[in-house]
Amino acid sequence: MARKKTPRAESARETRDALVAAAMAAFAEEGLDAPSLDSICERAGYTRGAFYVHFHDRDELIGAVMDSLTAGFLETVLPASDGPGDLADIVTRFAIAVARGAYPIRSSVRLHHVLDACARSATVRERRSALLRGAMERIAAATRESQRVGAVRGDVEASQVATLLLSIVMGIEVLIDVGVPIGATAAAGAVLDLLRPPAPPSPSEAP
């Protein structure tokens with residue numbers, strides 16, 4: 001049985017969440033390096049002392065922001081159930097999010113800021129790498145499940161499908177950031193067409 005959260009634990013969680021939300025807003029407006037910790041704490045309504053209760057340093061805060069952004073993305077495209085999900089559903093969910101302007105999140109940290117932080121800090125880079133590996137594992141699991149039921153061709157390695165799809169996600173964010181028009185729904189259909197097993201020949205085509 002899960003232990004009931006105490007008021008103190010709930011208060012600590014609220015403080016941490018407020019600091020992460022304030023940092024996310026500040027980073028989205030000014031980049032990852034410009035906002036001071038004091039300004040982030042002031043935005044959240046807490047002292048710098050409260051910050052150090054929850055975070056060792058700025059890089060740890062950046063990591064927590066990336067965790068929050070990744071969780072939001074995964075909630076958008078992955079099913080709520082505990083199972084691996086259906087790959088076609090995941091790809092379709094992502095395309096819909098792009099078409100509706102829900103991805104990338106305009107009020108969040110931009111990709112080039114994250115890449116700058118990764119280049120500067122090994123801590124941030126390792127945190128980002130772990131998050132991406134986790135996303136790839138979930139996509140690979142969905143690919144294997146779809147292969148099991150015959151919805152995805154079985155002659156492709158699930159981990160390579162996950163690498164390809166995550167690369168497409170990152171590429172789409174770049175294209176959107178530089179203003180290149182994207183037909184997300186049509187692109188998703190093309191990807192799924194490539195992954196579907198070939199249709200069996202009709203009786204008239206059979207040798």
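The values are calculated or read from the model by the stated rules, or taken from the named source; none is laboratory data. Computed from a prediction, not measured in an experiment: that's the story for all the values here. Don't worry about glycine lacking a Cβ; one is built from the backbone with ideal geometry, like all the others, and counts go over all protein chains shown. Side chains are part of the model used for accessible areas, which takes the heavy atoms of the whole protein and leaves out ligands, DNA and RNA. Shrake-Rupley method; radii C 1.70, N 1.55, O 1.52, S 1.80 Å.
Numerical summary
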{"item": "Mean separation of Cα contacts under 8 Å, 6 or more apart, over the residue count of region 84-207: relative contact order %", "result": "35"}
{"item": "GluC sites (Glu not before Pro) within region 129-207, DSSP loop, no more than 14 other Cβ atoms inside 10 Å", "result": "GLU157, GLU205"}
{"item": "Globularity ratio of region 101-140, using Cα Rg and 2.2 N^0.38 Å", "result": "1.31"}
{"item": "Scattering profile of region 1-61 at q = 0.16 Å⁻¹ [log10 I(q)/I(0), Debye over alpha-carbon scatterers]", "result": "-0.50"}
{"item": "Residue range of the chain that is longest and free of trypsin sites (Lys or Arg not before Pro) which are both DSSP loop and sparsely packed (at most 13 other C-beta within 10 Å)", "result": "107-207"}
{"item": "Relative contact order for the chain, counting Cα pairs under 8 Å that sit 6 or more residues apart, in percent", "result": "20"}
{"item": "Gained length - SER129 relative to ALA141, 0.36 nm times residue gap less alpha-carbon distance", "result": "2.5 nm"}
{"item": "Solvent-accessible area per residue for the chain (1.4 angstrom probe, square angstrom)", "result": "58"}
{"item": "Lys/Arg +1, Asp/Glu -1 at C-beta; region 11-66 dipole; positive extreme among ALA50, GLY63, PHE27", "result": "ALA50"}
{"item": "Distance (nanometres) between label positions extended 7 Å along Cα→Cβ at LEU115 and ARG8", "result": "4.6"}
{"item": "Cα centre as origin, Lys/Arg/Asp/Glu Cβ charges: the chain dipole, Debye", "result": "480"}
{"item": "For region 12-61, size of Cβ-based charge dipole, Lys and Arg +1, Asp and Glu -1, in debye", "result": "200"}
{"item": "Lys/Arg +1, Asp/Glu -1 at C-beta; region 134-207 dipole; positive extreme among THR185, LEU195, THR163", "result": "LEU195"}
{"item": "Region 95-193 - percent of accessible surface contributed by carbon and sulfur, probe 1.4 Å", "result": "59"}
{"item": "Region 16-134 pair-distance distribution - Cα-Cα, 5 Å bins, rounded %", "result": "2, 11, 19, 20, 19, 13, 9, 5, 2, 0"}
{"item": "Extreme residue, positive dipole direction of region 100-160, given options ILE139, THR123, ILE105 (C-beta unit charges)", "result": "ILE105"}
